[in-house]
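Peer 1: Got a structure for you, written out below as structure tokens; questions coming shortly.
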Amino acid sequence: MRKTIVIGLLAAFCSPQSFAAACGPVYGADGIAVDGDGKVWVSHYEDVRLGRLDPGSGEFLEFLPSTKGNPFAALRNTWSKTAGFDYSFDFGLQGIAIDETRGLVWSTRFNDNKVLRFSKAERQFVELTVPGRISARFDIPIDAQGNIWFAADGVVIKVSPEGKIETLPFPLEKFGSGAVAVDPAGHPWVSATPENGRAELYAWIGDRFKRQDLPDVGRYIGSLHVDRRGDLWFTAPEKNAIGRLRQGRTELFAIPTANASPSTMASDDRGYLWFTEWYGRKLGRIAPDGMIAEYPLPPEEEIPLAVKPARDGRVWFSAAFSYGLFRLDPDTGKIEEFPLPVPANWSKNASQGLSVCTVRSKKAERAADAAAVKAEQSAATEQMVQNAVLRHPKGYPRNRDAVLFEQKCQTACHTWYRVDKAASRRSDWGPTVDRMIEFNGAAIGKKERERIVRYMNKNYALLK
């Protein structure tokens, strides 16, 4: 089953419209961006929200652009083998970009031809319609003038901060796996896979796209990224390598972990490029000299999705099947988890405007218990959590060990639904609980630790 899920996700990377239909809801931030104040912005392709986390205070704001949420997505029961998902529901947002100069946050509608522009000052959304279904996930390229770029049904589209839409003619009428990056001069690069072909690379030169020489990198390029030096980087999942084009010369750097399947990328202020390894369950970091370091995900996490370094050197990332955000300190290897609340908008009318709740990293909430976290959530979120997501185990609250787990592990955000789903790939919860204690500062004593691990291994682990 695990293999099937991962293959479906990989196929979805090539064809975004197949993502939900192939795999069902996949929790985790689809896009991550960090603003100048250190606030972390996220988009969720199925949650119909932009979110903003203040890592210092724990305040999490969610901004709702839609009036039609899907109350069944968390239950995974709207999919059928013949019809796929019911797309009459809004399956949310994909990708994110921040324009610091103008105070704008950009995202796109999942499986649609809509672009969303959000004003941080006015807290208002404007929706723009572009010609073609958008092929964008995780990152949306933005140039120095604040224009955003993406590929959509055989064309390359530029949208200005004011909402002006331009299309650039592309040599291929039909292509798959269209990734876009923009160099410091504002010139786009595009990767494309012709029908039944191999990955190709195009650069905008003069007044048209010209195909560039490229070694065999497989059937598709996962993503493109231009760093501050102007070097073009790309992921080559089928070659298990990171590629770099510098001054007309292409190099491929092999990833140490076999079959890691590199996907999304982002560069930091220290000159490193960060990338996610879907199969490898790691974050990767490549230096300008080509040296690669790898950082394993927490043991209960399976697939890294979006990645974004912050100015302080730490790296934010998201993972499939998890509402939370994670922050890696590369100097120590420690990972903190920030468990974001489950969506408040599954059945909520966006005319209510803004939903606010507060969450904290495990390290910051040693003295807090589940009741305190729940008290800070909105009534709508609390009702949704109780009815749709927590799914308390049989016998709760009479089962004292289940109550202890909920109190210490904060399942108001770290839901029973997620625990139940993780059971299909866990054989021992000990390392997970130990990580929560050591790295995230969970206030769990030795005897409590034994009770929790024994309870989880008995009820939420692979059959032995």
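Peer 1: Limited to region 314-330, what total is found for residues that are assigned to a loop (DSSP other than H, G, I, E, B) and at pLDDT 95 or above?
Peer 2: Residues flagged as assigned to a loop (DSSP other than H, G, I, E, B) and at pLDDT 95 or above within region 314-330 amount to 3.
Peer 1: If you don't mind, there's one more thing I want to ask. G284: modelled with pLDDT of 95 or more and either closer than 22 Å to Y202 by Cβ or in the same structural domain as F326 (by TED's automatic domain parsing) (or both), yes or no?
Peer 2: Yes; evaluated as a whole, the condition is true for this residue.
Matching residues to (1) touching a helix residue (DSSP H, G or I) at 6+ places or on another chain (Cβ under 9 Å); (2) over 30 Å from F118 (Cβ atoms):
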residue	(1), (2)
P161	no, no
H187	no, no
T193	yes, yes
G197	no, yes
S223	yes, no
G230	no, no
F234	no, no
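Peer 1: Now, a different point. Considering only residues that are at pLDDT 95 or above, in contact with a Pro (Cβ under 9 Å, 6 or more places away or on another chain), in a loop (DSSP other than H, G, I, E, B) and not aliphatic (A, V, I, L, M), which ones fall in region 233-267?
Peer 2: Answer for region 233-267, where residues must be at pLDDT 95 or above, in contact with a Pro (Cβ under 9 Å, 6 or more places away or on another chain), in a loop (DSSP other than H, G, I, E, B) and not aliphatic (A, V, I, L, M): just N240.
Peer 1: Same structure again: Give me the residue from region 235-248 that is of a type in the set (K, R) and under 19 Å from A192 (Cα atoms) and, out of that set, surrounded by the fewest Cβ atoms within 10 Å (Cβ to Cβ).
Peer 2: Residue satisfying both the conditions and the ranking: K239.
Peer 1: Does at least one position in region 212-227 carry a residue that is free of Cβ contacts under 8 Å to residues at least 24 places away in the same chain, surrounded by fewer than 19 Cβ atoms within 10 Å (Cβ to Cβ) and within 18 Å of V155 (Cβ to Cβ)?
Peer 2: No, region 212-227 contains no residue that is free of Cβ contacts under 8 Å to residues at least 24 places away in the same chain, surrounded by fewer than 19 Cβ atoms within 10 Å (Cβ to Cβ) and within 18 Å of V155 (Cβ to Cβ).
Peer 1: Failed condition for R137, given (1) modelled with pLDDT of 90 or more; (2) under 28 Å from F317 (Cα atoms), with all others met?
Peer 2: (1)
Peer 1: I want to confirm something. Restricting to region 169-184 and keeping residues that are more than 18 Å from T264 (Cα to Cα) and under 28 Å from the mean Cα position of the chain (by Cα), which single residue is surrounded by the fewest Cβ atoms within 10 Å (Cβ to Cβ)?
Peer 2: Out of the qualifying residues, it is K174.
Peer 1: Given region 128-232, what strands (runs of 3 or more DSSP E) lie entirely inside it while holding 2 or more residues that are out of contact with any Gly (no Cβ under 6 Å at 6 or more places or on another chain) and of a type in the set (G, A, S)?
Peer 2: So the answer is 175-182.
Peer 1: Also, quick follow-up: Name the residue that is farthest from A310 (Cα to Cα), counting only residues in region 322-335 that are crowded, with 18+ Cβ neighbours inside 10 Å and over 16 Å from the mean Cα position of the chain (by Cα).
Peer 2: Ranking the candidates gives I335 first.
Peer 1: Assess whether T276 counts as being assigned to a strand (DSSP E or B), free of Cβ contacts under 8 Å to residues at least 60 places away in the same chain, surrounded by 15 or more Cβ atoms within 10 Å (Cβ to Cβ) and under 17 Å from the mean Cα position of the chain (by Cα).
Peer 2: Yes; evaluated as a whole, the condition is true for this residue.
Peer 1: So how many residues does region 280-295 have that are surrounded by 21 or more Cβ atoms within 10 Å (Cβ to Cβ) and outside any strand (DSSP E or B)?
Peer 2: Selection size over region 280-295: 1.
Condition check ((1) over 20 Å from W316 (Cα atoms); (2) at pLDDT below 75) across all residues:
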position: D47; (1), (2): no, yes
position: S57; (1), (2): no, no
position: K81; (1), (2): yes, yes
position: D86; (1), (2): yes, yes
position: F89; (1), (2): yes, yes
position: G103; (1), (2): yes, no
position: V115; (1), (2): yes, no
position: F118; (1), (2): yes, no
position: R123; (1), (2): yes, no
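The values are calculated or read from the model by the stated rules, or taken from the named source; none is laboratory data. This one's a predicted model, so the numbers in the text were calculated from it and none came from an experiment. Note that we place each Cβ from the backbone using ideal geometry, even for glycine, and neighbour counts take in every protein chain shown.
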